[in-house]
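Have a look at the structure below, then the notes.
Laboratory data are not the source of any read-out in this text; all were calculated from the coordinates shown. Because the structure is a prediction, the values reported are computed rather than measured. Glycine gets a Cβ as well: all are built from the backbone with ideal geometry, and neighbour counts include every protein chain shown.
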Amino acid sequence: GKAPAEPNAAAGGVSCSDPASIGALRALPPSLVFTPIDLGPAILAATPHQVTAAPYHRNDLSIRRTIVFFTRSGDEAKSAFAQSGAGYLVFCPNSSEARAYATIAPDGLASLLLAGDRPAWLRPVAIDGAGGLEIYRLDPG
């Protein structure tokens, strides 16, 4: 059988949490970053960014907000992103966390992003060396 994928390995085995990919986020102006729970610690440790969530048990409200965000679609996810104050959304396609959200909510934001069906309110941000990470900003229009 096939070996299980890394928790933060994107499609094609490109890692999202390797030091080079996370370090590439330093090219963005320091900001609050809306991120999956599992990527929070690496982004905090290696960049000047703040994150909306990380896997710390006393951080239950932020963890809940992240789960709700990635399992909502349309206006609900857009509103949650805008209200968070985050400048960017960082997403790891096909990570175990993204697949879990997609299983919970087949019509949710994580499912849409995994299917390549990016909502119009998310604008891709290209930076060199981001590996498997997808980076977006809110298009307020």
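Taking amide H positions as modeled 1.01 Å from N, with prolines and chain starts lacking one, the residues under 5 Å from residue 73 and 5 or more places away or on another chain are 109.
Please say if the stretch 36-91 is rounded, prolate or oblate, where rounded means a/c under 1.5 for a ≥ b ≥ c the square roots of the C-alpha gyration tensor eigenvalues, and otherwise the choice is prolate for a/b larger than b/c and oblate otherwise? Oblate, because a/c is 1.5 or more while a/b does not exceed b/c. For the chain, the mean residue ellipticity at 222 nm estimated from helices alone is -10000 deg cm²/dmol, where every DSSP H run of n ≥ 4 contributes -39500 (n - 2.57) and the total is divided by all residues, rounded to the nearest 500.
Highest mean packing comes first when the peptides 52-63, 104-115 are listed by Cβ atoms within 10 Å, giving 104-115, 52-63.
3J(HN,Hα) couplings calculated from phi for the stretch 30-37 with the Karplus curve 6.51 cos²θ - 1.76 cosθ + 1.60 (θ = phi - 60°) are, in sequence order, x, 7, 7, 10, 7, 9, x, 3 Hz; Gly and Pro show x. Annotation: amide H-H contacts under 5 Å for residue 137 (H modelled 1.01 Å from N, sequence separation of 5 or more, or interchain): 89, 123, 125. Between residue 32 and 50, 87, the built amide H atoms are under 5 Å apart, and every one of these is 5 or more places off in sequence or on another chain. The charge dipole of the stretch 35-131, taken about its Cα centre with unit charges on the Cβ atoms of Lys, Arg (+1), Asp and Glu (-1) only, comes to about 140 debye.
So how far apart, in nm, are the two label points at residue 127 and residue 59 if each is 7 Å from Cα heading toward Cβ? Taking the simple label geometry, residue 127 and residue 59 are separated by 1.8 nm.
Think of the chain as a dipole: +1 on every Lys or Arg Cβ, -1 on every Asp or Glu Cβ, centred on the Cα centre; then among 87, 135, 36, 87 lies furthest on the positive end.
On full extension, the segment bounded by residue 32 and residue 118 gains 28.9 nm, given 0.36 nm per residue less the C-alpha separation.
Cα centroids of the stretch 87-141 and the stretch 18-64: how far apart, whole angstrom? That distance is 15 Å.
Based on Cα contacts under 8 Å between residues 6+ apart, the chain shows a relative contact order of 29 percent.
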